[in-house]
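Below is one structure, written out as structure tokens; the observations come after it.
The values are calculated or read from the model by the stated rules, or taken from the named source; none is laboratory data. Everything numeric here is computed off the predicted structure, so don't read it as measured data. We place every Cβ from the backbone using ideal geometry, glycine too, and count neighbours over all the protein chains shown.
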Amino acid sequence: MAIEEKKEWKLQDFEIGKFLGEGKFGKVYLAREIESGFPVALKVIFKEKLDKYQFWEHLTREIVIQSSLQHPNVLRLFAWFHDETRIFLVLEYAANGELYKLLRSVGHFTEKRAATYVASLARALAYCHEKHVIHRDIKPENLLLDLDGRLKIADFGWAVQSNAKRHTMCGTIDYLAPEMVEKKAHDHGVDNWTLGILCYEFLYGMPPFEAADQYDTLRRIMKVDLHFPSTHYVSSEAKDLICKLLVKESSKRLSLKQILRHPWIMNNAEPSGCCNY
Ligand code: AMP
């Protein structure tokens, strides 16, 4: 890592490059730290927008949590600084962009690619859970890919750092675990459920409980109304893993360690975590 940790950063320390994308709260640019030449993604957030949408708490949480995490599959937040009107986040640059876009462009992933991403996610989540961080908003839009095709979890705005069980409903509806739909207390088991949803979506191109309206999605989640379409071949080992993650009772879901030892992961995941083919 070539970014100095303790330095007081300012915009003049960076050369701004191409526009990378836009989120609800700001724009993201490729940038280079002038002294080291190190490429980063600079997220520019307008304070006015944070006021308007009462998003200060969300951003503060994102900054505190993400800057404390260092794992190959978690997007680094190197630093942040601000001026009168804007906040700047200095982020690790993920050159291959959103996993979501890749998934939409190819329809669905091969088993090898899907297993590699699921294993990367399981390792990253195990690291986060060890630090008592539950992400709670894992979805393809929050997953980025670096130059080597390695998966990076981004956007910790909905994450919590706590040992205790939580009650807040958050996350996108398709990825909600049953205990969150019911607004029951929940713990890190919600991220394991989401891993099952993502594994399905990687292999079939859509989340398993998708429905015409949100009420129907919630009903299907609560029933664990799981079907495997026959549009294309998916191995029985992959389906076995999905069935063992999409379990209503959170304590009965496979643990992250068990996921990494599951035969489908062992036989398919790329040990390097890189998928650049
Ligand atoms: P966000 O505001 O985080 O939703 O980011 C908006 C868009 O910018 C995303 O959809 C990505 O395409 C792009 N982007 C965000 N962060 C990065 C990053 N670290 N590296 C590369 N592209 C990024």
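Mind checking which residues of region 105-138 are in a loop (DSSP other than H, G, I, E, B) and of a type in the set (D, E, K, R)? Talk me through it step by step, then tell me what you get.
Step one: list which residues in region 105-138 are in a loop (DSSP other than H, G, I, E, B), which gives 107-110, 131-132, 135-138.
Matches in region 105-138: K131, R136, D137.
Among the residues in region 24-31, are any within 22 Å of the chain's Cα centre (by Cα), surrounded by fewer than 16 Cβ atoms within 10 Å (Cβ to Cβ) and within 13 Å of the ligand (Cβ to nearest atom)?
There is at least one residue in region 24-31 that is within 22 Å of the chain's Cα centre (by Cα), surrounded by fewer than 16 Cβ atoms within 10 Å (Cβ to Cβ) and within 13 Å of the ligand (Cβ to nearest atom).
Which number in (1) closer than 24 Å to L42 by Cβ; (2) of a type outside the set (S, T, Y); (3) modelled with pLDDT of 95 or more marks the one condition that P140 misses?
If we test P140 against (1) closer than 24 Å to L42 by Cβ; (2) of a type outside the set (S, T, Y); (3) modelled with pLDDT of 95 or more, just (3) comes out false.
Has region 209-229 got at least one residue that is more than 17 Å from A126 (Cα to Cα), buried (at least 17 other Cβ atoms within 10 Å of the Cβ) and among the aromatic types (F, W, Y)?
yes
Assuming I16 fulfils every condition listed in (1) within 22 Å of C274 (Cα to Cα); (2) part of a strand (DSSP E or B) apart from one, which condition is it?
Condition (1) is where I16 drops out.
Determine if region 48-59 includes at least one residue that is in a loop (DSSP other than H, G, I, E, B) and either among the hydroxyl-bearing types (S, T, Y) or surrounded by 12 or more Cβ atoms within 10 Å (Cβ to Cβ) (or both). Steps first, please.
Filtering region 48-59 down to residues in a loop (DSSP other than H, G, I, E, B) leaves 53-55.
Of the ones still in play, those that are also either among the hydroxyl-bearing types (S, T, Y) or surrounded by 12 or more Cβ atoms within 10 Å (Cβ to Cβ) (or both) are 53, 55.
Checked region 48-59: at least one residue is in a loop (DSSP other than H, G, I, E, B) and either among the hydroxyl-bearing types (S, T, Y) or surrounded by 12 or more Cβ atoms within 10 Å (Cβ to Cβ) (or both).
How many residues does region 183-209 hold that are modelled with pLDDT of 85 or more and among the charged types (D, E, K, R)?
Number satisfying all stated conditions: 2.
Of the residues in region 245-265, how many are closer than 12 Å to V118 by Cβ and without any contact (Cβ under 8 Å) to a residue 40 or more places away in the chain?
Total meeting the criteria: 1.
Would you pick out the residues in region 45-66 that are of a type in the set (D, E) and within 10 Å of the ligand (Cβ to nearest atom)?
The answer is E62, and nothing else.
Kindly evaluate L42 against the criterion of being within 29 Å of A119 (Cβ to Cβ), within 10 Å of the ligand (Cβ to nearest atom) and part of a strand (DSSP E or B). Steps first, please.
On the way: within 29 Å of A119 (Cβ to Cβ): no; within 10 Å of the ligand (Cβ to nearest atom): yes; part of a strand (DSSP E or B): yes.
Here the answer is no, as L42 does not meet what is asked.
Considering only residues of region 67-104 that are out of contact with any Leu (no Cβ under 9 Å at 6 or more places or on another chain) and in a strand (DSSP E or B), which is farthest from the ligand (Cβ to nearest atom)?
H82
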